[in-house]
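Worksheet: one structure, shown below.
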Amino acid sequence: MNTQKSLRQEAGTVGENPVRLDEEKTAQIIEALNTDLADAYVLYHQLHKHHWNVEGAEFRDIHVFLQEAYEAVEAAADEVAERLQAIGGVPHASMPALTEASTVDPEDEDVYDIRTSLQNDLEMYGDIIESYREHIELAEGLGDPTTAHMLREQLVDIEEHAHHLEHYLEDDTLVLESSTK
């Protein structure tokens, strides 16, 4: 690691931004976006965990879905971090900062049946959906329609993934009851 340090911006500060957002308003948006970023990484890791551990008759479809879901979450997190930087913020990048900023509770390290895992994922998606709606309203109220638009577009994908999870959790299955005994 390089020992020479040249600090460009301290974490938790608001720098100038080329889009001319007011510093006080921007600070609120930065805090909200860092929460979204932290929540995204918690969700990303939980989805990835379930992708690794899924078993059973529907393994392949769920395995593929979970990969698509965590890849979408990672892409959204990247977009949030880039917006944070563009408006003068410092995106959280360390595990301690992400953990502290996150508002969702991750599943523990144990491995559960896929139904329990997907229910936990759906619960987390629900919490994130509610947070996004609040942050869209916040950004709009503070005069940042660009951030609100970005979050609104991401919310469409988040809600779609939650909808798919709900379908996986339905009782209908091709697996015969006799094969689960």
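The values are calculated or read from the model by the stated rules, or taken from the named source; none is laboratory data. Please read these numbers as outputs of a predicted model, since none were measured by experiment. Using ideal geometry, Cβ is built from the backbone for each residue, glycine included, and neighbour counts are taken over all protein chains shown. Side chains included, ligands, DNA and RNA excluded: accessible areas come from the protein's heavy atoms. Shrake-Rupley method; radii C 1.70, N 1.55, O 1.52, S 1.80 Å.
Just the residues that are among the aromatic types (Phe, Trp, Tyr), without any contact (Cβ under 8 Å) to a residue 40 or more places away in the chain and buried (at least 16 other Cβ atoms within 10 Å of the Cβ), please, taken from segment 59-108. Tyr70 - this is the single residue of segment 59-108 that is among the aromatic types (Phe, Trp, Tyr), without any contact (Cβ under 8 Å) to a residue 40 or more places away in the chain and buried (at least 16 other Cβ atoms within 10 Å of the Cβ).
Taken as a whole, the condition of being farther than 28 Å from Arg115 by Cβ and open to solvent by 20 Å² or more (accessible area, probe 1.4 Å) applies to Lys25. Of the helices (runs of 4 or more DSSP H) that lie entirely inside segment 80-181, those containing 2 or more residues that are at negative phi and polar (S, T, N, Q) span 114-141, 145-168.
Residues are listed down the side, and each one gets a yes or a no for (1) of a type in the set (S, T, N, Q); (2) modelled with pLDDT of 95 or more; (3) in contact with a Pro (Cβ under 7 Å, 6 or more places away or on another chain):
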| position | (1), (2), (3) |
| --- | --- |
| Ile30 | no, yes, no |
| Asn34 | yes, yes, yes |
| Leu37 | no, yes, yes |
| Val42 | no, yes, yes |
| His48 | no, yes, no |
| Asn53 | yes, yes, no |
| Ala57 | no, no, no |
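Pairs linking a residue in segment 114-143 that is under 24 Å from Leu169 (Cα atoms) and open to solvent by 30 Å² or more (accessible area, probe 1.4 Å) to a residue that is part of a helix (DSSP H, G or I) and not small (Gly, Ala, Ser), with Cβ atoms under 6 Å and 6 or more positions apart or on different chains, are Leu122/Leu165.
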